[in-house]
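Since every read-out is calculated from the coordinates, none of them should be taken as a lab result. Every value quoted in this text rests on a predicted model; they were computed, and no experiment measured them. Cβ: placed from backbone, ideal geometry, glycine included. Neighbour counts: every protein chain shown.
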Amino acid sequence: MKKIVFSVLLGLLVVVSLSLSSCGGETPKKEIVMENDSVLRHVVLFKFKDSTAKEDIKEVEAAFSALPSKIPQITGYEWGTNNSPEGINKGLTHCFFLTFKSEEDRAIYLPHPAHKAFGDVLGPHLDDVLVLDYWTKG
């Protein structure tokens, strides 16, 4: 009986050994691939000057909101104002969130005449800005 158990165990070791040697002796590693639906996000945060009138802020909001209708490379757009109770926004009050399909589309957006014209509306009222771009991950 001991010989039979020993033979079975030895056979299993050979099978496991052959399996490991056929894949280089290592456990196969999972390959990380960008998702096909990954998109490029462009996040823009504004802090307005204390002296900026509410009407001027409304004008900036409207001008930014008009960009998707003027620049077809913008495939998604949303915006809002800070309402975090944490109090760590560093004076940044407005978030504008744009989506692009590619870096090439973003490269068209950045120097686009409509984007430059928006900068002229924003410029006199801007105290600080933060921009962050990233590729989405699942």
**Asked** So, counting K/R as plus one and D/E as minus one, what does the shell of residues with Cβ under 14 Å around D128 add up to?
**Response** +1
**Message:** I want to check the label-to-label distance for S84 and E59. Put each point 7 Å from Cα in the C-beta direction and report it in nm to one decimal.
**Reply:** 3.0
